Amino acid sequence: MNTINSFGDLDLFFEKYFLKNTLTNNYVLAETYHQLIDDGKLFYYETSGNVFLLVEKESFYQLYFFINNLNETVNLLTNKPITMEIVFRGTANKPLDLIGFWERNEFKEHLTRDNLSLTYGKLKQIDLNNTSVQLKYADTEKEAHLIKELFEDSLDQYTGDLMSINEIKSFINNKNIICAYIDNRFCGALQFEVKNNIIWLGHIATDLNFRGNGIASHLVKKYIDDNTIGDNSRYQLWVINDNIAAKSLYTKFGFIYTNKSTTSLLKL
Amino acid sequence: MERLLEILAGIRPDIDFVNEKKLIDGGSLDSFDIVSIISELNDEYDIAIRVTELKPENFNSTEAIMNLVEKLKNTR
């Protein structure tokens, strides 16, 4: 595995490997590549027909591939686990040949997520009965640490896009994290972010000990209500495909599947 | 342009590619969609999109995408 030191080197890889019919999961834009190269976080592994880009994260590598030959064997040796996401349109289009290629190369299918979307005009009003749930925007150092701990305990460590404490503090400063309390005890949190006019629900979790109190429903309702500009306000999120309870919650609010899913693969 | 509109509609039938001028900046398309579009453009027009072209402004409208295709066809 070698470091990519310049944008020019990266461009040469694109020229050499990003061809007609190349299979790729690359969804990184040029600006992000610049930053990764500047930070020394972008690496590559090259075979005769394929190239693999690895982005170093805190506890794993995120992999992007450009595959022209599915018959090659790839032996990626790293000191951390490797994960990747493969996006596809609808379950009928799940790229089984590509997943098979990675399974032959020591990766295992990990989680599948579905993309759900809602426009405010299609919001379904629901009654929230549990009035003991109190909501507030996070604004303290203590809450930052509680949120970090809750998300780390609740979300997948490889594909949950876990946030550093500094990222959490930044979202707190932007009023992008809602906390839930019952009897003054912290019991849930929701982080959101506005990107390109879409209000993305990034992370949501409820403390195991407080499940069944409708906490997630309260959090989602506030996230929607507080960010509404008009009927065209758009909300989006990714939900784990077999998380029936979460999907039911979002459907209850009117979220619908956008026919876009992503499967993650993992090599430990 | 008509063929390009067909391709784009095949990827995201829910979007008005004729009139929408802020496909990326307005949130209609995301980077995942760009991957799908690039893949289709490579196949249809036999072009190779370089990493330097992976900029939102090249995908904000059908016209911008067409301009990118024409530019790459001319530099083959």
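Taken together, the values in this text are just the output of simple stated rules run on the coordinates, not laboratory data. Keep in mind that this is a model prediction, so the values were computed, not measured. Don't worry about glycine lacking a Cβ; one is built from the backbone with ideal geometry, like all the others, and counts go over all protein chains shown.
Can you tell me the dipole magnitude for segment A:2-112 around its Cα centre, using point charges on the Cβ only (Lys, Arg +1; Asp, Glu -1), in Debye to the nearest 20? Working shown, then result.
Values: 9 positive and 15 negative charges, 73 e Å.
Dipole about the Cα centre, nearest 20: 360 debye.
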message: Output needed for chain B: three equivalent-ellipsoid semi-axes, defined as square roots of 5 times the C-alpha gyration tensor eigenvalues, in descending order, whole Å.
response: 18, 13, 11
query: 222 nm [θ] for chain A, helices only, -39500 (n - 2.57) per DSSP H run of 4+, per residue, to 500?
result: -8500 deg cm²/dmol
query: Using the alpha-carbon centroid of each, what span in Å lies between segment A:220-268 and segment B:25-76?
result: 28 Å
For chain A, alpha-carbon Rg over 2.2 N^0.38 Å: 1.10
- prompt: Which parts of segment B:1-27 would a label at residue A:232 reach, counting a residue when its backbone N lies under 18 Å from a point 7 Å out along Cα-to-Cβ?
  reply: B:14-27
Directionally averaged projected area (convex hull, Cα atoms, segment A:154-228), nm²: 5.7 nm²
query: Per 5 Å bin from zero, what fraction in whole % of the C-alpha pairs of segment A:1-108 is there, up to the bin with the longest pair?
result: 2, 11, 23, 26, 21, 12, 5, 1
- prompt: Roughly how many debye, to the nearest 20, is the charge dipole of chain A about its Cα centre, given +1 on each Lys and Arg Cβ, -1 on each Asp and Glu Cβ, and no other charges?
  reply: 840 debye
query: Going by the alpha-carbon gyration tensor, a ≥ b ≥ c the square roots of its eigenvalues, is segment A:119-261 rounded (a/c under 1.5) or, if a/c is not under 1.5, prolate (a/b greater than b/c) versus oblate?
result: rounded
- prompt: If you find the alpha carbon centre of segment A:16-53 and of segment A:105-154, how far apart are they in angstrom?
  reply: 31 Å
- line: Per DSSP, the loop-located trypsin sites (Lys or Arg not before Pro) within segment A:8-95 having at most 16 other beta carbons within 10 Å are A:20, A:41, A:57
task: Please go through segment A:193-268 and write out the trypsin sites (Lys or Arg not before Pro) that DSSP classes as loop and that have at most 14 other C-beta atoms within 10 Å.
output: A:211
